[in-house]
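In what follows, a structure is listed as structure tokens, so that the remarks can point back to it.
The values are calculated or read from the model by the stated rules, or taken from the named source; none is laboratory data. Worth saying up front: this structure is predicted, and the values here are computed from it rather than measured. Ideal geometry is used to build each Cβ from the backbone, glycine not excepted, and the neighbour counts take in all protein chains shown. The area values use the complete protein model at the heavy-atom level, side chains included, leaving out ligands, DNA and RNA. Shrake-Rupley method; radii C 1.70, N 1.55, O 1.52, S 1.80 Å.
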Amino acid sequence: MDAACFLLLKIEDPSRARTWLRETLPEVTTAADKSSEQLSRWKTSLNLALTSEGLKALGLPAEALETFPTEFREGMSSRADILGDSDENAPERWEFGGTSGPASQDEIHLLLMLYGTTEAEVSSLADAQRSRLAEGGLRELAFQRTARIRDDKGGVVEHFGFRDGISQPRIEGFREAKHEAPDGVGAIKMGEFLLGYENEYAEVPDPPVAPAALDVEGVLAAQEHRPDWKELGRNGSYLVVRKLQQDVDGFHHFLEAHKSLAVGETDEHKKQWLAAKLMGRWPNGAPLRPGEDVPPHRSSGRGNGHDNNFGFNEKDQDGYGCPVASHVRRANPRDALPPNAQMSLQATRRHRILRRGITYSDESGKGMFFIAVNANIARQFEFLQQTWLNNGKFGGRYDERDPLMTHGAGRLTLPRQPLRRCVEGIERFVTMKGGGYFFLPSIRALDFLARLPY
């Protein structure tokens, strides 16, 4: 579904909001709806997620909220120091989810996600949902339209011009789409993305729970070792939402100004080469290989955006193809972390996220409405952001950060024979405009929340 919109809502009347939730529950798109037998007849999709303040507003008691992880309860803006959100990216400057304004973190309770195969279908769905909000005790705080961009081969691209969504983790026990190639890491345990299942540590962490006395209708499953509690989190997950504005003109001006450092027969080839080194892939999605200074043609089988079965340890440990500090290598180091390839792959498996972002263009600019699905925000998304993307010492570098996703990386070393090259003065190409942490409940959990007595 290439079109979507996202509504950030505040619960003003809990009783009416619970009624709205009961009425909306049959419209929520489920895993059963996404089966191959059902998918063809669906033109739109609806899902919803709640913040910690939203759960509280619906009537979930404090003793249940305390069973949710600290980072979720604190919220994204309170974790700005961990995420590197400072200066122009500081929470006080955000459009939503920040520390001030009508759509601050404390005011946002619910995220309503509407998708469609066309923008007209999404508009119609949004109009229908908006017409019910006031009666449902809800107030709209912010609204974001989005739409995917596709290239001439139908692949999804982002505003800097790169194929997007290529390297997604495969989840153990789920059907694998035919176009998904292995990435050398293998299928990830379901518990990395769904609460209540075994994770990559061979553990099944206790999901958030609620007092059994509140579950009058017996909607939730009982917790085995504590029968007085019910499993509220099982089959749910957490969403990380970030509106990331991209300075497309600034990015291309930077490439133009630094093309003398690049390799290529023409200025355009040089700029494409430099952009690829910053990203860590060619714009068509093909991985960078040592000694390869032009992108592979589609006819080679590597220029179709699906070549994802590669590592760095054996053939590109020093980054002669894909620079060690490039965005792709930081976001998914695969087998390149010390001390060896096997331990690196194991570590990488424990920090994967499912990316479900979509591009936007509005009056404020253009960028990515980033969405990550993970069962442990601190160990997955926040670790990725703090330890890999923002870490100046990643991969043995001296003071280099992600050249695209962090806020002014400064420099990037490009290994080269006989002498390395260094790209200096890397500017801020991405600006944080808003975000939040959300709990994505299972159908049973939504049903339970809609029946809360308070």
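Between 0 and 90 degrees, the angle of helix 14-24 with respect to the longest Cα principal axis of the chain falls at about 70 degrees. Can you tell me the 0 to 90 degree angle between the C-alpha axis of helix 267-279 and the longest principal axis of the chain, rounded to 10? Relative to the chain, helix 267-279 is tipped by roughly 50 degrees. Between residue 212 and residue 356, full extension at 0.36 nm per residue minus the direct alpha carbon distance yields a gain of 48.5 nm. Working from Cα pairs under 8 Å separated by at least six residues, relative contact order for the chain is 22 percent.
Its relative contact order, with pairs defined as Cα atoms under 8 Å and 6+ residues apart, puts the stretch 292-416 at 22 percent. The stretch between residue 317 and residue 19 holds 101.6 nm of extra length on full extension. This uses 0.36 nm per residue minus the Cα-Cα distance.
Taking each of 10/243; 56/433; 10/56; 189/393; 153/433 in turn, the alpha-carbon distance tops 22 angstrom for 56/433; 189/393; 153/433. The residue list 49, 290, 229 was ranked by how far each Cα lies along the charge dipole of the chain toward its positive end, using unit charges on Cβ atoms, and 290 comes out on top. With a ≥ b ≥ c taken as the square roots of the eigenvalues of the C-alpha gyration tensor of the stretch 326-453, please select rounded if a/c is under 1.5 and otherwise prolate if a/b is larger than b/c or oblate if it is not? Cα axes put the stretch 326-453 in the oblate bin.
Rolling a 1.4 angstrom probe over the stretch 88-134 with all protein chains present gives an accessible area of which 49% lies on carbon and sulfur atoms.
Using the rule -39500 (n - 2.57) for each DSSP H run of four or more residues, divided by the residues of the chain, the 222 nm mean residue ellipticity is -5500 deg cm²/dmol. Computed from the Cβ-Cβ distance with R0 of 41 Å, the FRET efficiency linking residue 123 to residue 252 stands at 0.85. The residues of the chain have, on average, 44 Å² of accessible surface per residue, using a 1.4 Å probe with all protein chains present. Relative to the longest principal axis of the Cα atoms of the chain, the long axis of helix 248-257 makes an angle of roughly 20 degrees. Contact order for the stretch 204-333, expressed relative to its length and based on alpha carbon pairs under 8 Å spaced 6+ residues apart, stands at 15 percent.
Considering all C-alpha pairs of the chain, those separated by over 36 Å amount to 29%. With every protein chain in place and a 1.4 angstrom probe, the accessible-area ranking of 5, 422, largest first, reads 422, 5.
Here the stretch 282-372 is assigned +1 on the Cβ of each Lys and Arg and -1 on the Cβ of each Asp and Glu. Its dipole about the Cα centre then comes out at about 380 debye.
What you get for the chain, charging only the Cβ of Lys and Arg (+1) and of Asp and Glu (-1), is a dipole of about 940 debye around the Cα centre. Stretching the chain fully between residue 293 and residue 364 yields a gain of 21.9 nm (0.36 nm per residue, less the alpha carbon separation).
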